[in-house]
Amino acid sequence: MSATEHLPTPSEYIQHHLMNWRTPPEGGGFWTIHLDTFWVSLILGFIFVGVFANVARKAKLEAPGRFQLFVEVIIEMVDQHLKEVFHGKSKIIAPLALTIFCWIVLMNSMDFLPVDFLPKVAQLIGANVFGMDPHHVYLRVVPTADINQAFAMSLSVTVLIVVFSISAKGFGGYTKELFTAPFGPALAPANFLLQMVELLSKPLSLALRLLGNMFAGELVFMLIAMLPWYVQWAAGAPWAIFHILIVILQAYIFMMLTIVYLSLAVEDH
Amino acid sequence: MENLALIANVQSFTVIAIGLMIGLAGVGAAIGVALVGSKFLEGASRQPEMMGALQPKLFVIAGLVDAIFIISVAVGLFLAFANPLLAAIK
């Protein structure tokens with residue numbers, strides 16, 4: 001490090017960490033794509049699918065391995081909740097719930113990597129391989145702390161709610177329900193308004209809950225990273241342990257609410 | 001640096017806002033989690049066989065209650081370190 005280079009102030013450090021690796025780099029408004037979110041979530045998704053498919057292919061009835069049992073525990077947990085809550089018939093809801101749970105756990109778990117580890121690696125690669133200014137190499141490792149990822153998932157769930165409603169009640173039945181429930185046909189506009197608020201508040205609350213938790217977690221880890229190195233573990237260890245609970249709890253809540261919303265969609269009013 | 005007074009003004013109001021946000025949300029979340037916990041203990045002591053069924057629901061609701069608090073902490077920390085309100089001045 002040269003003598004002229006100064007250490008970043010707390011707010012510069014955090015702002016640097018809150019900037020996504022994006023294309024175009026100067027930001028293109030609506031068409032900005034956050035490449036770090038995209039690649040990290042894609043890679044983690046393939047890791048989940050690959051690991052689970054591998055376990056399923058090698059599954060043994062006699063003397064199952066430890067890892068197979070672990071995977072079975074997760075699947076049975078999801079399956080049990082589905083049986084309790086979801087009473088309709090659907091082939092995609094079980095894989096959907098399992099995917100949501102495991103994928104979000106994996107994405108949230110990126111929080112446990114040291115805050116500076118992957119950004120520093122990216123900085124080294126960016127500076128030495130691509131000849132970029134190391135201060136303009138940005139990387140945010142936790143995909144769920146990016147508002148785009150959180151809303152992408154919750155809006156997909158909303159689309160599924162509409163699809164499930166239509167497939168359970170038919171297009172006419174769903175339209176009728178939108179206009180007649182809960183107050184009856186006389187108050188059709190009020191019903192429609194209420195139903196729309198109900199439908200649109202679901203993705204909002206789902207996404208913001210996940211996002212808020214992960215964003216706060218990430219920020220606290222950054223604050224801890226700015227402490228002197230000899231007190232970092234004293235703050236970092238309790239927060240990391242507490243964060244394990246939050247990470248799994250938020251994935252679990254996202255999954256449970258998806259199941260609940262979808263089961264409400266297929267039930268008659 | 002002619003805007004120093006303006007910046008100080010925005011920052012002082014932001015600090016008050018952050019304090020209010022985190023403080024009030026903390027009070028709310030604490031009361032909420034306490035209510036959930038006490039009702040869970042009540043239910044579990046009345047019907048111990050229901051404990052297994054109640055526990056996941058306890059965690060879900062505690063997570064839901066906690067989320068509002070955490071969201072407000074996140075917004076508060078965001079305002080503290082990357083204040084978007086200062087952009088109007090700079």
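Just so it is clear, none of the values below were taken in a lab; they were calculated from the coordinates. Quantities reported herein were computed from a predicted structural model and do not represent experimental measurements. Ideal geometry is used to build each Cβ from the backbone, glycine not excepted, and the neighbour counts take in all protein chains shown.
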### Task
Return the long-range amide H neighbours of A:Met132 (sequence gap of 5 or more, or a different chain), with a cut-off of under 5 Å between placed amide H atoms.
A:Ala127
### Hz values of 3J(HN,Hα) by residue in region A:241-247 - Karplus curve (6.51, -1.76, 1.60), Gly and Pro given as x
5, 5, 5, 4, 4, 5, 4
### Query
Taking the Cβ of A:Leu257 as the center, what net charge do the other residues with Cβ under 13 Å away carry, scoring Lys and Arg +1 and Asp and Glu -1?
+3
### Summary
Expressed in angstrom and rounded, the centroid-to-centroid distance over alpha carbons for region A:54-112 and region B:32-90 is 25
### Task
Step through the table entries A:Lys120/A:Lys202; A:Lys83/A:Lys176; A:Lys91/A:Lys202, compare each Cα-Cα distance with 32 Å, and write down the pairs that go over it.
A:Lys120/A:Lys202
### Summary
Phi angles of region A:195-202, converted by Karplus (6.51 cos²θ - 1.76 cosθ + 1.60, θ = phi - 60°) into ³J(HN,Hα) in whole Hz with x for Gly and Pro, give 5, 5, 4, 4, 5, 7, 6, 5
### Query
Could you name the lysines in cross-link range of B:Lys39, using Cα to Cα under 23 Å and dropping any fewer than eight places away on the same chain?
B:Lys57
### Task
For the protein assembly as shown, build the charge dipole from Cβ charges (+1 Lys, Arg; -1 Asp, Glu) around the Cα centre, then report which of A:Leu211, A:Trp229, A:Leu98 sits farthest towards its positive end.
A:Leu98
## Note on the structure
So the pair-distance distribution of region A:1-153, from every Cα-Cα distance in 5 Å bins, comes to percents of 1, 7, 13, 16, 15, 13, 10, 8, 7, 5, 3, 1, 0, 0
### Query
Counting only other chains, what is the mean number of Cβ atoms within 10 angstrom of the Cβ of each residue in peptide A:250-258?
3
### Charge dipole of the protein assembly as shown about the Cα centre (unit charges at C-beta), most positive-ward option of B:Thr14, A:Gly29, A:Val40
A:Val40
### Message
Give me log10 I(q)/I(0) at q = 0.16, 0.18, 0.19, 0.20 Å⁻¹ for region A:122-269, Debye formula, one equal scatterer per alpha-carbon, no solvent.
### Response
-0.93, -1.06, -1.12, -1.18
### Message
Under a Cβ-only charge scheme (Lys and Arg +1, Asp and Glu -1), can you give me the dipole magnitude of region A:61-199 about the Cα centre, in debye to the nearest 20?
### Response
380
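Against the empirical 2.2 N^0.38 Å scaling, what ratio does the C-alpha Rg of region A:97-146 come to?
Relative to the 2.2 N^0.38 Å estimate, region A:97-146 comes out at 1.41.
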### Summary
Cα pairs beyond 25 Å in the protein assembly as shown, in percent, come to 64
#### Entry: Cut-off under 5 Å, modelled amide H: who pairs with A:Arg22 long-range
A:Leu35
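Could you rank the peptides A:142-154, A:215-227 by their average count of other C-beta atoms within 10 Å per residue, with the highest value first?
Put in order of decreasing packing, that is A:142-154, A:215-227.
Dipole of the protein assembly as shown, Cα-centred, from +1 at each Lys and Arg C-beta and -1 at each Asp and Glu C-beta, to the nearest 20 debye?
700
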### Query
For peptide A:208-221, how many partner chain Cβ atoms fall within 10 Å of a residue's Cβ, on average?
5
### Task
Calculate one ³J(HN,Hα) per residue across region A:179-184 by plugging θ = phi - 60° into the Karplus curve 6.51 cos²θ - 1.76 cosθ + 1.60, and present them in order as whole Hz with x for glycine and proline.
9, 10, 8, x, 9, x
### Query
With each run of n ≥ 4 DSSP H residues scored as -39500 (n - 2.57), what mean residue ellipticity at 222 nm is computed for chain A after dividing by its residue count and rounding to the nearest 500 deg cm²/dmol?
-25000 deg cm²/dmol
## Note on the structure
For chain B, one quarter of the surface area of the C-alpha convex hull, expressed in nm², comes to 6.3
